[in-house]
Structure formats: C-alpha cells, structure tokens
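Trainee: Would you mind keeping the following structure in view while I ask a few things?
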Amino acid sequence: MGAGSISTLASCCLRTIGVQSQIEMSADTRRSWMLTGATVACVTALYVPCVQRTVPGGDSGELITTACELGVAHPPGYPLFTLLARLAMFFLPSLSPAHSVNLMASLLGAAACGALCITVCRLAGPGPGAVLTGGLFAVSRLSWQWSMVAEVFTLNNLFVGLLFFSIASFHCAQDARKRSKIAHWGALCCGLGLCNQHTLVLYILVVIPWVFHRLHSHQELSLRVAVSLGVCFLAGFLPYIYLPVSSYLNTARWSWGDQTTLSGLLAHLLRAEYGTFSLAKTESSVNITAMLQAQMDHCLADLSIPVLVLAGTGLLLSAWDRTCRSVSWLIAAMLVVYSLFFAWRANLDIRRPLLLGVVERFWLQSDAAVCVLAGLGLKQTLTELERRLGLGGVWKTTGWVLTVALLGQMLHNNHRECDQSRNSVVERFGRELLGSVPKDSIILTRGDLPGNSLRYLYYCQGVRPDVRLVDQEMMTYTWYVAKLGQHYPGVHFPGRWWDPVHPEEKDTFNLEQFLSRNTQRDVFACIGLPDGDPSWERSFTRWPMGACEYLVPNQRQFNPEEWAHRTSNVYNWSEPHNSFHPASWERVANEEMWQARMKTAFFLFDLAERMQGEGRARLFELSYTLYKEIVEAHSHYPPNWDKNLALACERLLRSGHRGYTPDSLLTCSTRHFTLYLEKEPTDPQASAIHSAITQLLRERDGLGQSWEHIQ
C-alpha cells in the first residue's frame with residue numbers, strides 16, 4: 001500500500017472518529033437537556049402548590065406595589081424585577097396581584113435550579129451529579145423558602161445559574177466562534193443580572209479576568225473583542241432606563257426617589273440612602289469571623305455534611321481532571337471572594353433572629369456555588385471509584401441512590417416550613433390595621449411590616465381608599481413631598497421634608513407642625529413614632545389604638561372607661577402566641593397583635609403613675625381589670641403580661657385597693673411575678689423581682705397573722 005493510500009485511510013479514520021465523537025456529544029447534549037427539563041418540571045411541580053397566595057412580609061409588599069403602580073422600588077430600583085412582576089400580573093392566573101408575583105418567583109426559582117443542573121451536565125455529563133446539583137438547591141431551606149414569595153433573590157439565583165452555565169459552556173467550547181458567541185451572551189447576562197441585585201458583581205469581578213485569560217491563551221483577545229464585550233455588558237443595563245422614565249412621568253402613587261436628575265439616578269443606583277456596599281443605614285458592624293461562622297453553621301444545617309464533603313472532594317479530585325479543574329477552582333474562588341466581602345459589609349446584628357433572616361437570604365448566592373461543586377464532586381468521585389475498582393454500573397446506581405436519599409431527606413425536613421400556601425398572616429395583619437381606623441384617617445406608617453403590607457392592600461387591592469398612607473421615614477427625604485405630595489389629596493405638608501434634627505431650616509417642618517396642619521383628619525402612627533422629634537408632645541398626646549397610636553390634641557378630653565371599651569376588641573386575631581419561626585415576619589406580626597391586646601392597660605397604668613389623688617386609684621383599678629381579663633382569657637400568652645399584671649396588682653394595693661382584699665392582690669402579684677421569672681429567668685431585673693416577691697409574701701403572711709390575732 002502506498003503512502004498516499006495510507007494517508008487517505010488515516011484521514012478517513014479521523015473523520016469517522018470525529019463523526020462518532022460528534023454523535024456521542026449530540027446524544028449527551030440531548031440527554032442533558034432532557035434531564036434539565038425533567039428537573040425544572042419536578043421543581044415547578046413542587047414549588048407552585050406551596051406558593052404563598054397573599055402578600056408576604058419584608059420587602060415583598062413594596063416590590064408588588066411598585067409593579068402595580070409602575071413606580072420605582074427602593075435602591076437600587078430593581079427595574080427588571082418590576083417589569084417582570086408587572087407582566088406576571090397580566091399573564092399568570094392567580095387569586096391576587098401578590099399571588100401572581102409569588103408564582104413568578106417560584107418559576108424563576110425552578111429555572112435557576114435548571115440552570116445549575118445544565119451547568120454540571122455541560123462540565124461532567126448528564127447523571128446523578130447534575131440532578132443532585134439542581135435538586136439540592138431546589139429543596140434546600142433558603143432557596144425553597146425564598147422561591148415562595150415575591151422577592152428579588154430568585155431572579156438573582158437565575159442569573160447566578162446562567163453565569164455558571166456560561167462559564168461551563170465557554171470552558172467547553174471547541175472553537176473561537178463558539179467562545180466568542182458565549183462570551184458575548186455571558187456579558188449581556190451579567191449586565192442584566194446587575195439590573196436586579198448588585199451582589200452579583202462580586203462573581204463577575206472574578207469571572208472577567210478568567211475569561212480574558214482564556215481568550216488570551218487561545219490568541220483570541222484583542223481591543224476590538226474587549227470593546228464588543230463591554231458593549232454587550234452595558235447593553236444589559238438598558239432596563240435602568242425605566243427608572244428616570246417612571247420618575248419623570250410621576251404617575252405612580254407609590255415610588256421611591258427622584259431619578260429625573262443624574263445625581264438622583266446615581267444616588268439610587270449606588271444605594272446612597274442606605275449606604276453603598278452596606279446592607280442597611282446603620283452604624284453597627286459585626287465581627288467578620290462571627291458572620292463567616294454563621295454562614296458555615298447555615299451550610300452544615302441546611303445543606304448537610306455529606307454535601308459539603310462532596311464539594312470538598314470535588315475540589316481535590318478536580319486537580320487531576322482537565323475537564324473541570326479550571327472551572328471548579330474558579331467557582332471556589334468566586335465563593336470565597338463573595339463570602340469574605342459579604343461578611344465584611346453585612347452591617348446587621350445577626351444575634352437578633354429577624355436580622356439573621358435578612359442576612360441569610362444573601363447566602364443563596366454562595367449556596368448555588370456549593371451545590372455545583374457538590375454535583376461535580378459526586379460525578380468525579382464515582383468516576384474515580386470506577387477507574388480504580390471497576391464495576392461502573394454499581395457505582396452509577398450508588399450515585400443515584402445517594403442523590404435520591406439526600407434530596408428525599410431534605411424535602412421531608414423542609415416541606416412543612418417552606419409550604420406557604422396557607423400563610424395569610426401578614427395580609428390579615430394589614431387588613432386588621434386598616435379596618436381599625438376611622439373614615440378619612442391619615443396613617444403614618446413606620447417600618448417594613450406595617451408600611452409594605454398596608455401599601456400593598458391600599459394601592460393594589462383598593463382596601464380603604466378613604467384613608468391616606470404617609471411613610472414616616474420617606475417624609476425625611478427631600479424628594480418625598482415634591483414627588484408624591486400630589487398623590488395625597490387632603491394631606492397638608494407644611495414644608496418640603498420632615499427634618500427632626502433641624503426643623504427651623506428653610507422648607508423643613510417638624511411633626512408638631514404636620515399634625516397641626518392636618519387636624520381635620522384623625523391621625524394614627526403605625527407602629528410608633530421615632531425618638532428624634534419630640535415636638536409633637538407640646539400640643540398633642542397619643543392614645544393606644546391596638547398596634548397603632550391615635551395622635552390627638554392635648555385639649556381633647558380622655559375618658560378611660562370609654563376608651564377601654566372602644567379598644568377592647570379592636571382586632572379579630574386568633575393566631576396562637578409564639579406560633580412562627582423567630583426569624584419570620586409572621587412572628588413579628590403575630591407578636592404585635594398579641595401585644596396590642598394590652599396596650600390600653602399599659603397606657604392607663606403609665607397614666608396613673610404620673611397622677612395623684614382619686615383619679616390615680618381609678619386608673620390603676622381599670623388597668624388591673626383589663627390585664628386580668630386578657631390574662632385569664634388565654635392559656636398561653638407573652639411573658640411580659642405576667643409582669644405587668646403583677647405590677648398592676650401591687651400598685652392597686654398601694655393606692656387603696658378600691659374594694660379588693662389585700663390578700664387577693666398580694667396573692668395575684670406574687671403569683672404572676674413568679675410565673676414571669678419562670679418564663680424569663682434571665683431578665684436583668686430578676687434579682688429585684690425576687691426581692692419584691694419576698695416582700696409581698698412577708699406582707700401576706702403578716703396579714704394572715706393579724707387576722708388570726710383578731711379572731
């Protein structure tokens with residue numbers, strides 16, 4: 001056979017091998033997409049029935065309201081989420097606007113799980129590792145929990161998944177054309193992702209040098225390529241055009257900020273009102289080590305030790321695997337950079353359960369990286385076992401069994417907590433507050449819970465259109481009155497903004513001036529007033545109205561018995577005490593409703609403490625009666641009720657006991673002081689309370705001895 005024939009034969013063999021390789025790759029690709037589609041379908045089937053049907057707590061009410069009104073959400077604006085939520089209200093069948101946006105979040109969450117699954121398929125092929133990655137992220141507590149409600153985190157999860165998929169596809173691309181196409185789509189995806197949540201930038205900053213290095217190693221990097229990638233990246237920011245357009249039109253009855261100027265737009269994008277690169281507008285800080293420890297505790301509890309072992313094993317084994325080595329260590333670097341930076345800038349006190357709940361949502365971004373590493377780790381472990389021990393079918397079956405076992409256990413553990421289909425606590429809380437105030441009232445909202453729940457019900461559901469909602473914090477911003485004042489007919493603002501510190505400056509006003517200009521309407525503060533502006537105390541006082549406070553002129557006569565009767569059953573609330581997770585907004589709402597039951601009794605007690613004469617004893621008696629009624633009406637109630645009732649008994653005793661026997665009041669006081677210490681043994685005043693109990697028992701014993709002596 002001649003040299004030419006040999007060359008021809010070799011060429012034919014190579015072409016045959018290439019064709020076979022392409023066929024195998026095509027089959028793998030089909031299986032990958034089928035496996036991903038099945039994963040997304042299963043997660044969707046799991047998520048949709050568990051979605052909350054009413055407005056959730058936190059920022060959800062504001063985000064849904066922004067979409068209803070086509071306004072601007074809190075910094076940095078979330079234009080992409082707002083527009084998608086608006087579309088969801090039109091195209092998704094639902095019971096309410098909140099249900100529509102919650103459904104959208106669940107579908108985005110399912111898509112994010114699919115993106116993670118196809119990432120592992122692209123790197124390691126279809127199999128149990130890919131299903132473990134997508135399924136693990138789906139049934140982990142945080143991901144499942146935040147896919148049930150209208151929040152920006154599920155959309156961020158999707159962009160994280162798309163970023164990982166772009167990295168995997170770019171790494172596996174066989175030619176320059178494919179690499180260029182994937183790089184440009186990835187750049188666009190990064191820009192769009194930053195239109196939702198800025199924490200994605202910490203991943204992007206790690207990915208960019210890696211992409212440029214890969215392009216350079218293939219001699220495909222040039223100024224033209226860098227510029228075109230930059231253009232695609234900037235094109236992703238186009239949704240931000242929505243912010244100045246919405247602000248300019250100013251038709252939304254609820255919106256945040258003034259983006260009609262460049263400075264206003266930049267302030268919003270950079271979260272200047274919150275503090276750029278900070279979670280909240282606060283001076284408090286947290287130890288980085290404590291934050292990292294909390295994140296590790298979360299991983300151990302919510303992702304499990306086997307998953308972390310698989311992720312670590314995958315990183316070690318990737319050192320010998322050319323296919324995954326570069327990507328595995330890149331994802332690990334992204335995880336480390338993100339975790340360290342977030343721990344440094346997360347300026348919230350995670351010792352408080354609610355604030356820990358706020359912080360842990362941001363761990364979702366790092367959880368996605370851990371899940372991908374765990375999926376790769378499972379695949380590489382099975383491959384290594386097969387290489388060393390053979391029995392490939394056995395190890396593959398073992399991988400599937402392990403995957404099903406892990407996912408089944410997590411699903412069982414988390415389903416009850418994450419199923420929000422019957423949760424209507426926050427919406428009922430808002431409806432109770434709105435229903436308790438008189439017609440045409442002004443409600444000064446304070447805080448996320450009352451502010452966002454009332455805002456949603458008022459603007460999206462049309463509940464109580466006669467009232468006016470004015471946000472206390474927003475009133476301190478210079479843009480609030482200028483932008484939104486026209487949407488509050490009948491509300492008079494005495495200046496351009498409320499400045500509690502410098503009310504004497506031009507265009508500012510204090511709370512007393514605001515209340516004096518709006519005496520034609522009843523004004524309620526829900527919940528509470530800030531400490532920084534005591535000016536209202538000169539001309540106004542506040543009476544408790546459940547969780548809210550009624551702000552009335554000082555000259556108005558207060559009738560204790562009439563007010564006690566009016567506020568005795570102001571809310572129809574039946575949720576058991578302490579029936580929700582400490583880190584949930586439902587817990588906060590429930591606690592507010594329970595404490596609202598004793599607000600009038602507490603107010604009367606406090607009023608009596610500042611009085612003298614017969615009126616003092618009368619108020620103590622009424623306070624005691626109200627406390628006794630609510631304590632006896634419930635078997636399980638907040639611990640402070642015992643303490644307050646004990647104090648009311650003691651004060652009524654000292655003020656003349658008004659027809660009650662001293663023995664009954666002493667017994668009541670000692671009993672409820674003792675019950676309080678049993679429930680709250682760490683109270684800072686525990687020693688003083690113990691001393692009071694000793695004194696009260698001594699007095700009661702003295703009464704008994706005196707009675708025996710008389711007999």
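The values are calculated or read from the model by the stated rules, or taken from the named source; none is laboratory data. Predicted, not measured: the structure shown is a model, and the values here were computed from it. A quick note on method: Cβ atoms are made from the backbone with ideal geometry, for glycine too, and the neighbour counts reach across all protein chains shown. Heads up: the accessible areas ignore ligands, DNA and RNA and are worked out on the full protein's heavy atoms, side chains in. Shrake-Rupley method; radii C 1.70, N 1.55, O 1.52, S 1.80 Å.
Trainee: How large is the Rg to Rh ratio of segment 128-258 when both quantities use alpha carbon positions and Rh follows Kirkwood? Numbers along the way, then the final one.
Mentor: Working: Rg = 17.7 Å, Rh = 16.8 Å.
Checking Rg against Rh, the ratio lands at 1.05.
Trainee: With respect to the cross-link table entries Lys483/Lys506; Lys483/Lys599; Lys439/Lys483; Lys628/Lys679; Lys439/Lys643, which display a Cα-Cα separation exceeding 27 Å? Show your work: numbers first, answer last.
Mentor: Details: Lys483/Lys506 18 Å; Lys483/Lys599 36 Å; Lys439/Lys483 25 Å; Lys628/Lys679 18 Å; Lys439/Lys643 36 Å.
Pairs exceeding 27 Å: Lys483/Lys599; Lys439/Lys643.
Trainee: Next up: With an 8 Å cut-off on Cα pairs and a minimum separation of 6 or more residues, tell me the relative contact order of segment 40-94 in percent. Walk me through the numbers on the way to the answer.
Mentor: Working: 21 pairs, mean separation 12.8, N = 55.
Relative contact order, segment 40-94: 23 percent.
Trainee: Are there trypsin sites (Lys or Arg not before Pro) in segment 542-628 that DSSP marks as loop and that have at most 16 other Cβ atoms within 10 Å, and which are they?
Mentor: Details: sites: Arg542, Arg556, Arg566, Arg587, Arg597, Lys599, Arg610, Arg616, Arg618, Lys628; in loops: Arg556, Arg597, Arg610.
Filter output for segment 542-628: Arg556, Arg610.
Trainee: May I ask for log10 I(q)/I(0) of segment 417-466 at q = 0.15, 0.27, 0.32 Å⁻¹, from a Debye sum over the Cα atoms as equal point scatterers with solvent left out?
Mentor: Normalising to I(0) and taking log10 leaves -0.41, -1.10, -1.36.
Trainee: Using a 1.4 Å probe on the protein chains only, how many percent of the accessible area of the chain belongs to carbon and sulfur?
Mentor: Numbers: 19350 of 32320 Å².
Summing carbon and sulfur atoms, their accessible area is 60 percent of the total for the chain.
Trainee: How much accessible area per residue does the chain have, in Å², with a 1.4 Å probe? Walk me through the numbers before you get to the answer.
Mentor: Working: 32320 Å² over 711 residues.
Solvent-accessible surface per residue comes out at 45 Å².
Trainee: So for the chain, taking the charge dipole from beta-carbon charges (+1 Lys/Arg, -1 Asp/Glu), which of Pro465, Phe137, Gln612 sits furthest toward the positive end?
Mentor: The listed residue farthest towards the positive side: Phe137.
Trainee: Could you compute the longest span of the chain free of GluC sites (Glu not before Pro) located in DSSP loops and having at most 11 other Cβ atoms within 10 Å, not counting the site residues? If you can, show how the numbers build up before the last one.
Mentor: Values: sites that count: Glu283, Glu504, Glu505.
Answer - 1-282.
Trainee: Counting only DSSP beta bridges with both residues in the chain, tell me the antiparallel percent, nearest 5.
Mentor: Values: 9 of 19 bridges.
Within the chain, antiparallel bridges account for around 45 percent of the total.
Trainee: Placing +1 on the Cβ of each Lys and Arg and -1 on the Cβ of each Asp and Glu in the chain, which of Gln557, Val206, Val481 has its Cα farthest towards the positive end of the resulting dipole?
Mentor: Val206
Trainee: Let me ask you something else. Excluding Leu136 itself, what net charge comes from residues whose Cβ is under 11 Å from its Cβ, given Lys and Arg +1 and Asp and Glu -1?
Mentor: Details: positive: none; negative: Asp302, Asp367.
Surrounding charge for Leu136 is -2.
Trainee: Then there's this: Work out the length of the dipole vector of the chain about its Cα centre, built from +1 on the beta-carbon of each Lys and Arg and -1 on the beta-carbon of each Asp and Glu, and round it to the nearest 20 debye. All intermediate terms of the calculation are to be shown ahead of the outcome.
Mentor: Working: 59 positive and 59 negative charges, 481 e Å.
Here the chain has a charge dipole of around 2320 debye.
Trainee: Semi-axes of the equivalent ellipsoid of segment 70-156: what are they in whole Å, largest first, if each equals the square root of 5 times a C-alpha gyration tensor eigenvalue?
Mentor: On the way: eigenvalues 156, 36, 26 Å².
Ellipsoid semi-axes (Å, largest first): 28, 13, 11.
Trainee: Lys and Arg at +1, Asp and Glu at -1: add these up for the other residues within a Cβ distance under 14 Å of Leu382 and post the number.
Mentor: On the way: positive: Lys379, Arg387, Arg388, Lys396; negative: Asp321, Glu384, Glu386.
Combined, the nearby Lys, Arg, Asp and Glu give +1.
Trainee: If each residue of separation counts as 0.36 nm, what is the full-extension length gain between Arg422 and Thr289 once their alpha-carbon separation is subtracted?
Mentor: Working: separation 133, 0.36 × 133 = 47.88 nm, distance 3.81 nm.
Residue separation times 0.36 nm, minus the Cα-Cα distance, leaves 44.1 nm.
Trainee: Next question. Please find the FRET efficiency linking Thr478 to Leu205, where r is the Cβ-Cβ separation and R0 is fixed at 35 Å, and quote it to the nearest 0.05.
Mentor: Details: r = 33 Å, r/R0 = 0.95.
Calculated value: 0.55.
Trainee: How large, in Å, is the chain by the Kirkwood hydrodynamic radius built from its alpha-carbon pairs?
Mentor: Numbers: mean 1/r = 0.0342 Å⁻¹.
With all distinct Cα pairs of the chain included, I get 29.2 Å.
Trainee: Could you compute the FRET efficiency for Arg671 and Arg610, with r as their C-beta to C-beta distance and R0 at 25 Å, rounded to 0.05? All intermediate terms of the calculation are to be shown ahead of the outcome.
Mentor: Numbers: r = 27 Å, r/R0 = 1.09.
The formula returns an efficiency of 0.35 here.
Trainee: Here is a further query. Which of the aspartates and glutamates could a cross-linker bridge to Lys178, judged by Cα under 14 Å and excluding same-chain residues fewer than eight apart?
Mentor: Glu220
Trainee: Once the convex hull of the alpha carbons of segment 157-227 is built, what does its volume come to per residue, in cubic angstrom? Each step should come with its number before you reach the end.
Mentor: Numbers: hull volume 5.5 nm³, N = 71.
Convex hull volume per residue, Cα atoms: 77 Å³.
Trainee: Calculate the FRET efficiency for Glu561 and Arg521 from the Cβ-Cβ distance with a Förster distance of 25 Å, rounded to the nearest 0.05. Don't skip to the answer; put the middle values down first.
Mentor: Details: r = 26 Å, r/R0 = 1.04.
E between Glu561 and Arg521, to the nearest 0.05, is 0.45.
Trainee: Quick check: from the Cα gyration tensor, does segment 295-406 come out rounded (a/c under 1.5), prolate or oblate? Spell out each step's value before the answer.
Mentor: Details: a/c = 3.98, a/b = 1.92, b/c = 2.07.
Oblate shape, in that a/c is at least 1.5 and b/c is the bigger or equal ratio.
Trainee: Same structure again: Determine the shape class of segment 57-104: with a ≥ b ≥ c the square roots of the Cα gyration tensor eigenvalues, call it rounded for a/c under 1.5, and otherwise prolate if a/b is greater than b/c, oblate otherwise.
Mentor: Details: a/c = 2.17, a/b = 1.52, b/c = 1.43.
Because a/c hits 1.5 or more and a/b exceeds b/c, segment 57-104 counts as prolate.
Trainee: Let me ask another. Given an 8 Å cut-off on Cα distances and at least 6 residues of separation, report the relative contact order of the chain as a percent.
Mentor: 13
Trainee: Additional query: Using only the alpha carbons of segment 573-657, determine the length spanned along each of the three principal axes and report them from longest to shortest in whole angstroms.
Mentor: So the extents along the principal axes, rounded to whole Å, are 45, 22, 18.
Trainee: Tell me the volume per residue, in Å³, of the convex hull enclosing the alpha carbons of segment 460-583.
Mentor: Details: hull volume 21.0 nm³, N = 124.
Output value, Cα hull per residue: 169 Å³.
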